[in-house]
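Each value in this text was obtained by applying a stated rule to the coordinates, not by laboratory testing. Values in this document were obtained by computation on a predicted structure and should not be read as measured data. Here the Cβ positions follow ideal geometry from the backbone for every residue, glycine too, while neighbour counts run over all protein chains shown.
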Amino acid sequence: MLTISALPIFSDNYIWVLHDSRQAIAVDPGESETLDAWLAETSLDLAGIVLTHRHADHIGGVPALCRDRPGLPVHGPREIDLVTTPVGEGDTINLLGQDWEVLAVPGHTREHLAYYCATTGMLFSGDTLFGAGCGRMFDGPAASYHASLQKLANLPAATQVYCTHEYTAANLRFAAAVEPDNLAITARSRTVATLRANGQPSVPFTLAEELATNPFLRLDRAAVILAARQHGAVDTQAENVFLALRQWKNDFS
């Protein structure tokens, strides 16, 4: 039976660890010490690493983890030198007996990948899709990032999304500024506030929740378009609405 555990690192990152009774797969290990301690505590062997993109807070632990485990497979974008098993759009990787579809989702970075398992209904979205938000656009263009988000939004609504940062509460404050009359945002904000007050993560969440509350997945809604036009959108085309929202969010506090 597969289980997934969240290992908090830094101020707001998670290492996601997929594991059975003997082995573990680490997703985006930004540092090694927390993971090594957890593996020792659980008596599990690290069987592989999965990377979504190149940023240091996602790959920083890989050299030490591989140094201590010669031959450890590292799946991820071919642009990352640390990767031993390059993968890309349309590939499938088997992790602890389950097949995961590799999805190219450029925008946050050009090489960004996501990983979806239809059997378990789980998605590792890295920094492309967050709770009620999305990552900064380092390697646009906006049309490409918008297409990446739509690719994820078209997965089954019950999909459980495992992103790599605890940003949901802050993102919901922005979502409420975009759609102040959206009651789903209000309700989710309360739920997330309770989770965080009790020391619980707001991740995972379902795509259904995102479709109801994430402005970056609601670009055809009148209230979202109006807010984007008020913040610089040149027209109502989805990629321009997305761009205006993302630029607004960059400076939102």
Between GLN23 and residues 5 or more places away or on another chain, which pairs have amide H atoms under 5 Å apart, with H built 1.01 Å from N, and which residues are they?
-> ASP45
For labels at ARG190 and ARG173 in the simple 7 Å Cα→Cβ model, what's the distance in nm?
-> 2.0 nm
Per residue of the stretch 130-136, in order, report the coupling 6.51 cos²θ - 1.76 cosθ + 1.60 (Karplus, θ = phi - 60°) as ³J(HN,Hα) in whole Hz, putting x for Gly and Pro.
-> 9, x, 6, x, 8, x, 4
Cα-based convex hull volume of the stretch 1-71 per residue, rounded to whole Å³ = 84 Å³
So who's got an amide H within less than 5 Å of the one on TYR167, skipping anything under 5 residues away but keeping other chains? H placed 1.01 Å off N, in plane.
-> GLY131
Two decimals is fine: what is log10 I(q)/I(0) at q = 0.19 Å⁻¹ for the stretch 89-139, from a Debye sum with one equal scatterer on every Cα and no solvent?
-> -0.63
Semi-axes of the equivalent ellipsoid for the stretch 3-250, Cα gyration tensor, largest first, Å = 32, 20, 15
For the stretch 72-84, in order, what is each residue's ³J(HN,Hα) by Karplus, 6.51 cos²θ - 1.76 cosθ + 1.60 with θ = phi - 60°, in whole Hz (x at glycine and Pro)?
-> 4, x, 10, 8, x, x, 5, 6, 9, 4, 6, 6, 9
Over the chain, what is the percentage of antiparallel beta bridges among all DSSP beta bridges, to the nearest 5?
-> 70 percent
Averaging 1/r across every pair of distinct alpha carbons in the stretch 80-218 and inverting yields a Kirkwood hydrodynamic radius, in angstrom, of 15.5 Å
Mind listing the phi-derived Karplus ³J(HN,Hα) values for the stretch 233-248, rounded to whole Hz, using 6.51, -1.76 and 1.60 with θ = phi - 60°, and x for any glycine or proline?
-> 5, 7, 7, 9, 4, 4, 5, 7, 5, 4, 4, 5, 5, 5, 5, 5
MRE, 222 nm, helices only [DSSP H, n ≥ 4, -39500 (n - 2.57), over the chain, to nearest 500] = -10000 deg cm²/dmol
Gaussian network model of the chain, Cα springs within a sub-10 Å range: biggest mean-square fluctuation belongs to which of PRO70, PRO201, PRO106?
-> PRO70
